[in-house]
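The values are calculated or read from the model by the stated rules, or taken from the named source; none is laboratory data. In this text, all values refer to a predicted model and were calculated from it rather than measured experimentally. Neighbour counts are summed over all protein chains in view; Cβ atoms, including those assigned to glycine, are modelled from backbone coordinates with ideal geometry. Areas reflect the complete protein model, heavy atoms only, side chains present, ligands, DNA and RNA absent. Shrake-Rupley method; radii C 1.70, N 1.55, O 1.52, S 1.80 Å.
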Amino acid sequence: QVQLVVPMAVVFGPGSVPGDLPRPLPFRDVQEMEISVNLRTSVTSRYEMRYRSTTGQEEAALAAATAREADAALHPLQDTTLGSLTMYVVPETSSLLPQGINVYVGKHRSALVRAVGSLAALQARLREVTQLMSFTASAIAAALSDRVPDGRLSPDARRDLKSSLGYEITFSLLNPDPKSHTVDWDIEGAVNRYVKPVLDKLSLVANFSVDSQILYYAVLGVTPRYDKESSSFLLSAHSLPHVINPVEARLGSSAASLYPVLNFLLYVPERSHSPLYIQDKDGAPVSTNAFHSPRWGGIMVYNVEAPASPQASLPLHVDVDMARVMEVFLAQLRLLFGLSREEVPPDFLLEGPGNEGLADWELDHLLWAHTVENIATVSTTLTSLAQLLDKIGNIVIKDDVASEVYRAVASVQSAVTKLSLGHLHAAFQASKEAVTSSERAFFDPSLLHLLYFPDDQKFAIYIPLFLPMAVPILLSLAKIVRETRLRKKEPTKMD
């Protein structure tokens, strides 16, 4: 049984304190909610709320002209512990929040909430904000998708990447027509400028490695349809799944990889199929001219402008606009990690994450989900290992395997304890150690079940080998015994 504890500070600005507070500020309150996963598993979410008034510095920060400026000024004054949240309640008439906006969620671990009449109505609004910024029931169900009955899962629950100790990111430029196009892309500069800040932020979650490649004469494997009206070629939505397999055979990145590989492909169409546009399910052109495949990666089609004169010399030199390309790839990277921002109430305003690619609270969102998923993975791995050892009675368990099992159990118990104390970062680190130890124990070469045979198999193997040799030996022994007995029965000759 896992309990997820979120430490929260609810800070009332001047003129925003509800009239029906049960006792004077400051005071503490606890709210719990149970998330049922299946008949045997449930996760309890516990919000430990600390109500207080603003300090002088916080009042000065809340006097800023805009919510963005206030969020930046409040950041140094608040608790920055992973998994913690700070809610600043501003008066109902405050001009800090735009008209029609009741909640502003910043880039860090705080939000500005417009006051409402009663404490119960405020708590209902705070519950919405905390679930957005920490975890929802659907996020926990997606993390435990292997244990949730199929009928209770949303169609998107299994789209996010599974938790892993590391990920490999491969950027590939596909040039199917090098005779017509010489494509130049500054991938190293683009990775350092756009991708590295995001991966630096995600380094808490996992290790990342990035590589790139250029593939020539690599075609999509699907013939696009020519549209006379627009004088262009179209790829329909139903043909997109057939694009990946032929291309993946050329990538070769996942063959020797220990970790999941995320593929981001930039495809420059050949002249005979140019310009090429992707259509959605309704037949409308996709604005980004790209699509993504869950748990695999994304593909973007980069059209080259036709030369002004038909007599232009080939191949044409193409400089790729890396800012436009990386904007699409980073959006796809967020989708792969389940960080889409679609289910937001209309009166919520979310600040963009900026150059870092994701906000602090989105990082916490990932850590919550991956910690729960890691605990479930360790539980499944150790249970499978125990069942395997029960089936093979004569299996030899080495001391190093036993120590890995003990370490995995201790680490996963530590992770559950840290979660119940609200220490998200320590819990995540312990869950990673538990996964590492349980995988080492499970995949230890000495536990390969093919090394151990049931007794009936041993008899079936060894009897045909030893029986032909044993028969003459046994007959000889019987003859010796018989002769010995006969010799004993003969009367002893007396002189």
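A few points about this structure:
- Selection within the stretch 49-68 - more than 19 Å from Asn102 (Cβ to Cβ), open to solvent by 70 Å² or more (accessible area, probe 1.4 Å) and not small (Gly, Ala, Ser): Arg50, Gln57, Glu59
- Evaluated against (1) part of a strand (DSSP E or B); (2) over 23 Å from His425 (Cβ atoms); (3) open to solvent by less than 20 Å² (accessible area, probe 1.4 Å), Ile35 falls short on exactly one condition, (2).
- Residue in the stretch 269-290 that is open to solvent by less than 50 Å² (accessible area, probe 1.4 Å), in contact (Cβ under 8 Å) with a residue 12 or more places away in the chain, acidic (Asp, Glu) and in the same structural domain as Thr223 (by the TED database) present: yes
- Residue in the stretch 12-32 that is within 37 Å of the chain's Cα centre (by Cα), in contact (Cβ under 8 Å) with a residue 24 or more places away in the chain and under 14 Å from Thr130 (Cβ atoms) present: yes
- The set of residues in the stretch 39-87 being hydroxyl-bearing (Ser, Thr, Tyr), under 22 Å from Pro26 (Cβ atoms) and touching a residue at least 24 places away in the same chain (Cβ under 8 Å) consists of Tyr47, Tyr51, Ser53, Thr54, Thr80, Thr81, Ser84, Thr86.
- Here Ser232 clears all of (1) closer than 28 Å to Val344 by Cβ; (2) open to solvent by less than 20 Å² (accessible area, probe 1.4 Å); (3) of a type in the set (S, T, N, Q) except the condition numbered (1).
- Residue count for the stretch 335-344, restricted to those that are buried (at least 17 other Cβ atoms within 10 Å of the Cβ) and either in a loop (DSSP other than H, G, I, E, B) or modelled with pLDDT of 90 or more (or both): 3
- Against the criterion of being closer than 30 Å to Glu439 by Cα and open to solvent by less than 50 Å² (accessible area, probe 1.4 Å), Ser257 qualifies.
- Within the stretch 5-23, the presence of at least one residue that is among the β-branched types (Val, Ile, Thr), in contact with a Ser or Thr (Cβ under 9 Å, 6 or more places away or on another chain) and not in a strand (DSSP E or B) is confirmed.
- Output for the stretch 385-413, where each listed residue is assigned to a helix (DSSP H, G or I), open to solvent by 40 Å² or more (accessible area, probe 1.4 Å) and polar (S, T, N, Q): Gln387, Ser403, Gln413
- Selection over the stretch 109-135 of residues that are under 26 Å from Glu373 (Cα atoms) and open to solvent by 40 Å² or more (accessible area, probe 1.4 Å) gives a count of 3.
- A single member of Gln413, Gln332, Gln429 is touching a strand residue (DSSP E or B) at 6+ places or on another chain (Cβ under 9 Å) and modelled with pLDDT of 90 or more, and it is Gln332.
- Taking the listed residues Leu21, Leu25, Leu82, the one that is surrounded by fewer than 17 Cβ atoms within 10 Å (Cβ to Cβ), modelled with pLDDT under 90 and touching a helix residue (DSSP H, G or I) at 6+ places or on another chain (Cβ under 7 Å) is Leu21, with no other qualifying.
- Ser95, sole failed condition from (1) part of a helix (DSSP H, G or I); (2) open to solvent by 30 Å² or more (accessible area, probe 1.4 Å): (1)
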